[in-house]
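Trainee: Next up is a structure, given as structure tokens.
The values are calculated or read from the model by the stated rules, or taken from the named source; none is laboratory data. Here the structure is a predicted model, which is why all the values come from computation and not from measurement. Heads up, the Cβs are rebuilt from the backbone with ideal geometry, glycines too, and the neighbour counts pull from every protein chain shown. Heavy atoms of the whole protein, side chains included, go into the accessibility calculation; ligands, DNA and RNA do not. Shrake-Rupley method; radii C 1.70, N 1.55, O 1.52, S 1.80 Å.
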Amino acid sequence: MAFITANWNPLGEAFYRKTELYDMCWNIRDGLGDSLVAAAPYGGPIALLREPHRRSPSSRPHLEIYSASGVTITSFPWKSGPVVQLGWTVSDELLCIQEDGTVLIYDLFGSFKRHFSMGQEVVQSQVLEAKVFHSPYGTGVAIITGSSRYTLATNIDDLKPRRLPEVPGLQGKPSCWVVLTQDRQTKVLLSTGPELFILDNTSCTNVCPPGLSPQAGSIVHMSVSFSYRYLALFTDTGHLWTGFSNLQEKLSVVDTKKMTTPKQMVWCRRPKSQQPSVVLMWDRLLMVVGLCNDPIQFPVEDLCVLVGELDGVRIISSTNQELLQEVPLVCQDIFKIASMAPGALLLEAHREYEKSSQKADEYLREIKEQRMLGEAVRQCVEAAGHEYDSTTQKSLLKAASFGKCFLTDFSPDQFVQTCRELRVLNAVRESGVGLPLTHTQYPHADHMTLQVLIDRLVYRQFYPLAIEICRYLKIPDYQGVSRVLKHWASCKVQQKDLSDEAIARAVCVKVGDSPGVSYSDIAAKAYECGRTELAIKLLDFEARSGEQVPLLLKMKRSQLALSKAVESGDTDLVYTVVSYLKNEMNRGDFFMTLRNQPVALSLYRQFCKLQEQDTLKDLYNQDDDHQELANYYVSASYREKRLDSRLSLLQSAVDEYNKAKNEFAAKATEDEMRLLRFQRKLDDEKGAGLLGLSLQATMEALLALGLHKQAEQLYRDFRVPDKRYWWLKLKSLAEKEEWEELEKFSKSKKSPIGYLAFVDICMKCNNKYEAKKYVSKVTPEQKVKAHLAVSDLEGAAEAAIERRNEAEMGAVLARCSTSDQLLIDRLTRARATAVKK
Amino acid sequence: MAHGARRDSPELPDFSLLKRLAKDQLVYLLEQLPGKKDLFIEADLMSPLDRIANVSTLKQHEVDKLYKVEHKPIVSTSDQLCFLIRPRIQTVKWICDVVNADKAAGKCRRYKIIFTPQKFYACETVLEEQGIFGDVTTDEWAFYLLPLDDDIISLELPEFFRDNFLAGDQRWVRTASSALHLLHSLYGPFSKFYGIGRCSKMVYDLWRKQAEKGERKAPKADIGRVFLIDRDVDFVTPLCSQVVYEGLVDDTFRIKCGCVEFGSDVTSSDKSVKVMLNSQDKVFNEIRNEHFSNVFSFLSQKARNLQTAYDKRQGMDIKQMKAFVSEELKGLKQEHRLLSLHIGASESIMKKKTKQDFQELLKTEHSLLEGFEIRESISFIEEHINRQVSMLESLRLLCLLSITENGLLPKDYRSLKAQYLQSYGVDHLLTLANLRHLGLLIEQQPGETLTVMESKVGKLVNDKTAGRLTDAFSSLAKKSNFRALSRKLNLVPKSDDEYDLRVPRDMAYIFSGAYIPLSCKLVEQVLERDGWTGLEEVTRLLNGNEFFAQESNGADLSTKNDSQRIVLVMFLGGCTFSEISALRFLGRERGYKFIVLTTAITNSSRLLEALLGNQV
């Protein structure tokens, strides 16, 4: 603890420190000198393209990918063309920019993803230099070609390469250049030696950094800060100009007294930097140059790689890795020798407390007197976040926790938060994982960026750790554990050495029914890898049948897709599949498929009924569904206006009904055809207007027209039941008040409908006289009713008494009024005797 | 109400929220098409829309003119047209015609189609096929539920019945489950589900999936239990003549969307009057569930009371008079108006019902339900057909005969069908095919019942004695499902003693004491047993598909809890007012509150009209 400040180096007001991150796990005997190196910021992976040991035409360079701690992830011989530049995208994909302008993209594990080209003209002129840069739009690539022209692509995922205007007087490549992102525009700043140009989409402007005297010489190296705000220029006279990248303002000019061009030059800042600096590296020297004139110098043994970070610079050598950063103010306050800052006192107090010394109380008193205890706790917590060493973290946090005990209304949020974050950070910093993130780089507060952290672990296939972190941070399953499982499963299905069965089982066991994991997505992945059978197995686990359908269709398992769609109960989905099948299959197969799926078939039928009547017919034909086909013809016949086509449709219906063994319907249809012909004949002869009427209506109309003979003919021809005909004739005659005819009719033979109907109908036409004629003919059972119908109470009473029917007597009684006292008496008496019996 | 409700009955939840939600969404959708626009409304959406947003609301949101969709060329001059329609292919095709006609005439307008309650892929396909997919914007108005009354919610989808049960087209199933889910999210969580029928099962399964996806809500439930039933489980009940006042009004005047139009014969003036029939109408509320035979006496009592109230005026001083006029008179006047309307309606019903020999008809129905005097009933039906009394009534009696007898004898089947076709035209071949398809009018399989024997006996003896023999035999007939069900569930009360309709003792009162509606009896039994245990035989006779599910969503399951006594009964394919009355009666008896959720209000005419063959 005492040595915490041992590696602090003063730079102006501030201090800089180098923290050891890792002893690199890799084994690189001949250093990094000969290799193309790309190391991603935020503790990203490192890629090396190493030239072969023995140069021979047959030997090829080797591409190696390591984690930030130097753990080998993959390595393979490079078989494509010569590579000019390596770079990492924001989503940890490796870009290899070849001489011919082709950019190959590999994933973290070295499997080839895709490629794109920076333009046709590059193939000839070749790439001289290339840079990979990150902007709010994503990862971009800039190249300069042999014809001294720049081509720029701001986002490789939405590739729109732009060729920038020509730079006047530029031959070959410029002495140095950087890509700037300013005002939502991506530009190139380049130096041709004496002159500095800004190159944007349309123009090339000569610029001059303010405060850089011409005597300073020409610019040979330049660097832009992580945030693109600051710019550093190095001249061949050893002067370093620092200022804003918009070239409006200078920060300082420092003479490094080094005439050689540095190998690398990187900004080293942190948010709220006191003393931002630029790190320059020569063969054996590392120099940290601030705004003031006294740079820090470190000797270096072999060549290193500098990686600019948000809050420092990582220095990767062949043996170890260090983080160079400005010591945060709060750490300075606490650890500076003889500091009296509240945090420092609290730390001291706690240390004494652990030694059981009463000095602890003195220190505490001192802080409390200044009313600074809260501030002290805050400082300790904050400083803990910035410390890399876990023992230091612990002592600071313990101190904070100790101080907290003496505060009553201190919110524990920050303390808890920091503990949690440090726990996660320490876990991912582990050499085995190799994500050396600082607390400043830790995604704060919102889960969207935490998700990025989880994703990065997932890409590296650290599934258990990712799940632990999700659970530990209580990230909702949907965004956390489920996502990890999904990735895991998608990765699992690609394992070639396992059987379909084993993989499906493994996936099912792990994933179970976690919310938000879609088996169909996993299956889609399996299908992508050419494992159709596995995909189908996985789909079986998908609870929502609807989700299975699109993939099944893609896999051309249309039958299965259809049954799954039906299962889902979503008719829209069924319909989607049906219309897909309709286009994909020939008609016969299509119908056969539908036949096995009644739900889909009914749906399609409904559609056809409204849209494609003819298809409907084909559908029935295919199924040999004669009954439905016949029904179809019948309904078609009613839409037909012309009689002959109507008849021919009905004839088809008759044929189909016969095939369907529905004799009844066949007969009925034939009758209808006969009737239609008959109606047509009569319409033609007499203009009766019968066509389309039912048999009954036809007969009615005929009777109304007085065409008794024709009505009679229908009655016989169509075997109309006697009862029906009698009712009809009775009604018709009564309506026309042909009473004589009616009487004749009643006597023509014994009425099949009895004679009460005659009585009723006469009464309905208010003809009591006629009605009475029929009362006597009525059967004994109906006598009483008939008498009552014509309001002949005495007759009714007579009949009832004669029949000795109690109920009927009652009915008559009910109709009697007080004036019929005699009748009432008689009936009551009769009833009494009837009851006695 | 004459009979007192149990005092501990829980309160019904307030469903007016549903209207508000629907209205807000409609307004939002209308505002998506800013500026003046003409609105075309599907004919059968007019009345439901009227319950949600009246014309002035629509005008407020810049609807200029309102048109009914009539499938004819349009005359609108507006440059923005909005169509509010059901997702029907015919209507979409018509819209395509309108748009294409505009294109041909070089007219440029904006078109927006609002499908309610949802759109179907098939509709969009039509738009695509007709090449106007890009010219119209489409939207969905999730207007699933229309509360018709405090305890009736309707989906207003009469086509559900035909599409689902006849055509086997299941597209409305999702609509039904979404409707259920909407209620679940507003008044749930539901804790218990009972159901019977294929469609019910599907609705429940789909609802499950939807509910799984949705977020859990607080376990304070208004509605605790849900009973789902397919219409085809019980066809007998909707085919019977309704004799409870509300049902009778529906059968006679056709209640549309909770509103009835009384013609001049009721109002005794030359104008017809539209009346809302719901619990707000104090007079109606007291007679809606009453057997018709009680209605007159009730109304006259009411009239006397009213007179007394009016008579209070005599002997009032000026101050009292002033109070009377300002406080009571308006209410009395209103009551007076309603009373005279309902008296008029009752008279009109009486007139119509005696004309058709209504008593004879009822007697036949009751015979069919009881299984007595089948021969007489068949002759009655025959005569009914022969005399062309009414196309639908004859059909109704035929179906009732077929269901109660488990099919007609081949001889009767043929002759009755032939006579029906002679009376009403051969195009009814399709109607008959439809009825057969649904099992409403079928032929008995030979050798299935003892009625076969009866027919053989009938050849030996004359008609009359055969009828009596049938009576003796029918009680032995085993295969007839309705008969068996009726016996198992005691659907037909013993008819020895007189049934006092004024003091109903069971749900049979809605059919003059002749029959307890099967659907409601199932509800009663299942609620009583809290499941289907003990009803295995019954469900077997109903072709199974019954289910019971308890949801584990942390809802309070103790029966003491009010929500457990509020039961949502969902009828898939429609329910009748009689069934609602029966459920209300059951609720009063057992201390439940029933909420009826139905795809539409139906009755025998609507049911059979939906099955007529000569429509697409």
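Trainee: How many residues, within the range A:579-608, are within 7 Å of chain B (Cβ to nearest Cβ) and of a type in the set (S, T, Y)?
Mentor: Selection size over the range A:579-608: 2.
Trainee: Could you check, for the range B:426-441, whether at least one of its residues is surrounded by fewer than 22 Cβ atoms within 10 Å (Cβ to Cβ), closer than 23 Å to B:T252 by Cα and either more than 12 Å from chain A (Cβ to nearest Cβ) or modelled with pLDDT under 85 (or both)?
Mentor: No: zero hits.
Trainee: Against the conditions (1) open to solvent by less than 30 Å² (accessible area, probe 1.4 Å); (2) part of a strand (DSSP E or B), where does A:Q85 fall short? Just the number, please.
Mentor: Evaluating A:Q85 over (1) open to solvent by less than 30 Å² (accessible area, probe 1.4 Å); (2) part of a strand (DSSP E or B) leaves (1) as the failure.
Trainee: Is it the case, given these coordinates, that A:A668 is under 60 Å from the mean Cα position of the chain (by Cα) and facing chain B (nearest Cβ under 9 Å)?
Mentor: For A:A668, the condition - under 60 Å from the mean Cα position of the chain (by Cα) and facing chain B (nearest Cβ under 9 Å) - is met.
Trainee: Just name the residue that is farthest from the other protein chains (Cβ to nearest Cβ) out of those in the range A:551-578 that are of a type in the set (G, A, S) and farther than 17 Å from B:D169 by Cβ.
Mentor: It comes out as A:S558.
Trainee: Given the structure, is A:F109 more than 25 Å from A:L323 (Cβ to Cβ) and under 38 Å from the mean Cα position of the chain (by Cα)?
Mentor: Yes.
Trainee: Filter the range A:735-773 down to the residues that are within 14 Å of chain B (Cβ to nearest Cβ), open to solvent by 60 Å² or more (accessible area, probe 1.4 Å) and over 19 Å from A:V790 (Cβ atoms) and list them by number.
Mentor: A:E735
Trainee: Moving to a separate point now. Just checking, which of A:A701, A:A688 is more than 14 Å from every other protein chain (Cβ to nearest Cβ) and of a type in the set (A, V, I, L, M)?
Mentor: A:A688
Trainee: Hey, does the range A:536-544 have a residue that's of a type in the set (D, E), part of a helix (DSSP H, G or I) and away from chain B (no Cβ under 14 Å)?
Mentor: Scanning the range A:536-544, I find no residue that is of a type in the set (D, E), part of a helix (DSSP H, G or I) and away from chain B (no Cβ under 14 Å), so the answer is no.
Trainee: Next question, about the same structure. When you scan the range A:176-283 for strands (runs of 3 or more DSSP E) that lie fully inside it, which ones turn up with 2 or more residues that are farther than 22 Å from A:I296 by Cα and not β-branched (V, I, T)?
Mentor: Ranges flagged: A:176-182, A:185-191, A:196-199, A:204-207.
Trainee: Scan the range B:400-408 and tell me whether some residue there is within 11 Å of another protein chain (Cβ to nearest Cβ) and either within 22 Å of the chain's Cα centre (by Cα) or surrounded by fewer than 23 Cβ atoms within 10 Å (Cβ to Cβ) (or both).
Mentor: no
Trainee: Taking into account only those residues within the range B:576-616 that are part of a helix (DSSP H, G or I) and basic (K, R), which is nearest to B:S512 (Cα to Cα)?
Mentor: Of everything passing the filter in the range B:576-616, B:R584 is nearest to B:S512 (Cα to Cα).
Trainee: Could you please give the count of residues in the range A:366-412 that are in a helix (DSSP H, G or I) and either in contact with an Asp or Glu (Cβ under 7 Å, 6 or more places away or on another chain) or not charged (D, E, K, R) (or both)?
Mentor: Of the residues in that region, 24 qualify.
Trainee: Among the residues of the range B:384-404, is any closer than 27 Å to B:N481 by Cα and in contact with a strand residue (DSSP E or B) (Cβ under 6 Å, 6 or more places away or on another chain)?
Mentor: There is at least one residue in the range B:384-404 that is closer than 27 Å to B:N481 by Cα and in contact with a strand residue (DSSP E or B) (Cβ under 6 Å, 6 or more places away or on another chain).
Trainee: Among the residues of the range A:354-401, what is the count of those that are among the hydrophobic types (A, V, I, L, M, F, W, C) and in contact (Cβ under 8 Å) with a residue 60 or more places away in the chain?
Mentor: Qualifying residue count, the range A:354-401: 1.
Trainee: Among the residues of the range A:668-687, are any among the charged types (D, E, K, R) and in contact (Cβ under 8 Å) with a residue 40 or more places away in the chain?
Mentor: Yes; the residues of the range A:668-687 include at least one that is among the charged types (D, E, K, R) and in contact (Cβ under 8 Å) with a residue 40 or more places away in the chain.
Trainee: Of the conditions (1) in contact with a helix residue (DSSP H, G or I) (Cβ under 6 Å, 6 or more places away or on another chain); (2) open to solvent by 10 Å² or more (accessible area, probe 1.4 Å); (3) under 28 Å from B:T252 (Cα atoms); (4) modelled with pLDDT under 85, B:G458 fails just one. Which one is it?
Mentor: Exception for B:G458: condition (3).
Trainee: Restricting attention to the range B:102-135, and to residues there that are crowded, with 20+ Cβ neighbours inside 10 Å and of a type in the set (V, I, T), which single residue is nearest to the other protein chains (Cβ to nearest Cβ)?
Mentor: For the range B:102-135, the residue satisfying everything is B:V126.
Trainee: Sort through A:K257, A:K272, A:K263 and tell me the only one that's at negative phi and either among the acidic types (D, E) or surrounded by fewer than 21 Cβ atoms within 10 Å (Cβ to Cβ) (or both).
Mentor: Just a single option satisfies the conditions, and that option is A:K263.
Trainee: If B:D357 satisfies all but one of (1) at pLDDT 80 or above; (2) under 28 Å from B:R502 (Cβ atoms), what's the number of the condition it fails?
Mentor: In the conditions (1) at pLDDT 80 or above; (2) under 28 Å from B:R502 (Cβ atoms), B:D357 misses (1) alone.
Trainee: Within the range B:254-261, does at least one residue satisfy the condition of being touching a Ser or Thr at 6+ places or on another chain (Cβ under 6 Å) and farther than 22 Å from B:A600 by Cα?
Mentor: no
Trainee: Name the helices (runs of 4 or more DSSP H) wholly inside the range B:304-377 in which the number of residues that are open to solvent by 20 Å² or more (accessible area, probe 1.4 Å) and among the small types (G, A, S) is 2 or more.
Mentor: Per the criteria, B:330-355.
Trainee: Looking at (1) assigned to a helix (DSSP H, G or I); (2) farther than 19 Å from A:Q548 by Cα, find the lone condition where A:P476 falls short.
Mentor: (1)
Each row is one residue, and each column tells you yes or no for (1) at pLDDT 90 or above; (2) open to solvent by less than 20 Å² (accessible area, probe 1.4 Å); (3) touching a helix residue (DSSP H, G or I) at 6+ places or on another chain (Cβ under 9 Å).
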{"residue": "A:L373", "(1), (2), (3)": "no, yes, yes"}
{"residue": "A:V377", "(1), (2), (3)": "yes, yes, yes"}
{"residue": "A:V381", "(1), (2), (3)": "yes, yes, yes"}
{"residue": "A:C405", "(1), (2), (3)": "no, no, no"}
{"residue": "A:S411", "(1), (2), (3)": "no, no, no"}
{"residue": "A:C419", "(1), (2), (3)": "yes, no, yes"}
{"residue": "A:H444", "(1), (2), (3)": "no, no, yes"}
{"residue": "A:I467", "(1), (2), (3)": "no, no, yes"}
{"residue": "A:I475", "(1), (2), (3)": "no, yes, yes"}
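Trainee: Count, please, the residues in the range A:688-723 that happen to be in contact (Cβ under 8 Å) with a residue 40 or more places away in the chain and either under 18 Å from A:E735 (Cβ atoms) or open to solvent by less than 40 Å² (accessible area, probe 1.4 Å) (or both).
Mentor: The number of residues fulfilling the criteria is 1.
Trainee: Only residues that are among the hydrophobic types (A, V, I, L, M, F, W, C) and within 13 Å of another protein chain (Cβ to nearest Cβ): list them for the range B:162-179, please.
Mentor: Listed by number, the residues that qualify are B:F165, B:L166, B:A167, B:W172, B:V173, B:A176.
Trainee: Examine the range B:206-229 for a residue that is outside any loop (DSSP other than H, G, I, E, B), within 28 Å of B:S185 (Cβ to Cβ) and of a type in the set (S, T, N, Q), and state whether such a residue exists.
Mentor: Yes, some residue in the range B:206-229 is outside any loop (DSSP other than H, G, I, E, B), within 28 Å of B:S185 (Cβ to Cβ) and of a type in the set (S, T, N, Q).
Trainee: Which of the residues belonging to the range A:231-247 are touching a residue at least 24 places away in the same chain (Cβ under 8 Å) and touching a Lys or Arg at 6+ places or on another chain (Cβ under 7 Å)?
Mentor: A:W241, A:G243, A:S245
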